[in-house]
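The values are calculated or read from the model by the stated rules, or taken from the named source; none is laboratory data. This structure is a prediction, so every number in the text was calculated from the model and none was measured. Heads up, the Cβs are rebuilt from the backbone with ideal geometry, glycines too, and the neighbour counts pull from every protein chain shown.
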Amino acid sequence: MADAPRPLIAGNWKMNGLCETGRALTQAVVKRWRAADRGKVDLLLCPPATLLGMVGEALKGSGILLGAQDCHSEKPGAHTGDIAAVMLADIGCRFVVLGHSERRQAHRETDALVRAKVRAAHTAGLTVILCVGESAAERQAGRAEAIVGAQLDGSLPDGASDKNTVIAYEPVWAIGSGKTPAADDIRAMHAWIRARLGKRFGGADALRILYGGSVTSKNAPDILPMPEVNGALVGGASLDAEEFCRIASCG
Ligand code: PGA
């Protein structure tokens, strides 16, 4: 078995942050990011598109990575209001979150569209954080694996690998709710995802599989040390620098 991949702690700011608050939050994260954690964990900030340039500047020299929350599936062209993957790479992004449940729901993003976006992001040289996860009703019906399996099959193009893709398992019912799955359920789902992708891609030991959904500094010490878990996608708690860096030191 290969060495465990280096944990990734990603902050998804969602639709939050103005120039002043975004700058202050970034500076506070840079200041608190402990030298001791630098070699152990990769830290990533995903601010809204309006703040990417400014946050990227503020992160220079810190070793903290920059990512976006979405991209378009096509090359630059006549797509009013959209942002192409190559534009994100151009402004210094290394990562892009795709297929988040908030976009799958509110923007009716299908697996086919997400797959096209993943392809565009890979072509632009970005690493994709692909989000998958079941609803409460689907879990209660015993369909969690079937739903996640279908999302993985439908959203990941051939050519995806541990070099250009990270999976974030985010049960929809855990996002922003203060609820998290039982430790055994997180462990089981992560192992199941790894086995399934291992079959498709001929091995997935080096693939990073993050957990997301109501991660805080209280539950991170239980979730992040699990050998099946390779980091976290953090929403609400990433808007507080101290809290976010506390979570990162559990990675
Ligand atoms: P949360 O969001 O940490 O606020 O639950 C996680 C996410 O949606 O990525």
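Considering each residue of the range 123-136, count those that are surrounded by fewer than 20 Cβ atoms within 10 Å (Cβ to Cβ) and either more than 16 Å from the ligand (Cβ to nearest atom) or within 14 Å of the chain's Cα centre (by Cα) (or both), and give that number.
Step one: of the range 123-136, the residues surrounded by fewer than 20 Cβ atoms within 10 Å (Cβ to Cβ) are 123-125, 135-136.
Still in the list and also either more than 16 Å from the ligand (Cβ to nearest atom) or within 14 Å of the chain's Cα centre (by Cα) (or both): 123-125.
Summing the residues that are surrounded by fewer than 20 Cβ atoms within 10 Å (Cβ to Cβ) and either more than 16 Å from the ligand (Cβ to nearest atom) or within 14 Å of the chain's Cα centre (by Cα) (or both) in the range 123-136 gives 3.
Report yes if E170 is surrounded by 19 or more Cβ atoms within 10 Å (Cβ to Cβ) and either under 28 Å from G125 (Cβ atoms) or not hydroxyl-bearing (S, T, Y) (or both), otherwise no.
For E170, the condition - surrounded by 19 or more Cβ atoms within 10 Å (Cβ to Cβ) and either under 28 Å from G125 (Cβ atoms) or not hydroxyl-bearing (S, T, Y) (or both) - is met.
Starting from residues that are part of a loop (DSSP other than H, G, I, E, B) and within 12 Å of the ligand (Cβ to nearest atom), keep the ones in the range 200-216 and report whichever is farthest from the chain's Cα centre (by Cα). Give the steps one after another, and end with the answer.
Our first condition is that a residue be part of a loop (DSSP other than H, G, I, E, B); within the range 200-216, this holds for 202-207, 213-216.
When the remaining residues are screened for being within 12 Å of the ligand (Cβ to nearest atom), the result is 213-216.
Details: G213: 11, S214: 13, V215: 13, T216: 15 Å.
Ranking the candidates gives T216 first.
Could you check the range 227-251 and list, in sequence order, the residues that are within 14 Å of the ligand (Cβ to nearest atom) and under 13 Å from the mean Cα position of the chain (by Cα)?
Across the range 227-251, the qualifying residues are G231, A232, L233, V234, G235, S238.
Wholly within the range 1-97, which strands (runs of 3 or more DSSP E) include no fewer than the required count, namely at least 2 residues that are touching a residue at least 60 places away in the same chain (Cβ under 8 Å)?
Result: 8-12, 42-46.
Could you tell me whether the range 172-189 includes any residue that is at pLDDT 95 or above, over 26 Å from D3 (Cα atoms), of a type in the set (V, I, T) and not in a helix (DSSP H, G or I)?
The answer is yes; a qualifying residue exists.
Could you list, in sequence order, all residues of the range 155-171 that are away from the ligand (no atom under 16 Å from the Cβ) and in a loop (DSSP other than H, G, I, E, B)?
L156, P157, D158, G159, A160, S161, D162, K163, N164
Across the range 193-215, what is the number of residues that are surrounded by fewer than 18 Cβ atoms within 10 Å (Cβ to Cβ) and over 14 Å from P5 (Cβ atoms)?
Step one: filter the range 193-215 for residues surrounded by fewer than 18 Cβ atoms within 10 Å (Cβ to Cβ), giving 195-196, 198-203, 205-206.
Okay, now just the ones that are also over 14 Å from P5 (Cβ atoms), so 195-196, 199-202.
Going through the range 193-215 one residue at a time, the tally reaches 6.
Scan the range 141-173 residue by residue and report those that are in contact with a helix residue (DSSP H, G or I) (Cβ under 9 Å, 6 or more places away or on another chain) and small (G, A, S).
Across the range 141-173, the qualifying residues are A144, A146, G149, A150, G154, S155, G159, A160, S161.
Can you tell me which residue among R115, R143, R187, R104 is over 22 Å from G235 (Cα atoms) and either within 14 Å of the ligand (Cβ to nearest atom) or surrounded by 16 or more Cβ atoms within 10 Å (Cβ to Cβ) (or both)?
When all the criteria are applied, what remains is R115.
If L152 passes every condition in (1) within 16 Å of the ligand (Cβ to nearest atom); (2) of a type in the set (A, V, I, L, M); (3) under 15 Å from the mean Cα position of the chain (by Cα) but one, which one does it miss?
(1) is the only condition that L152 fails.
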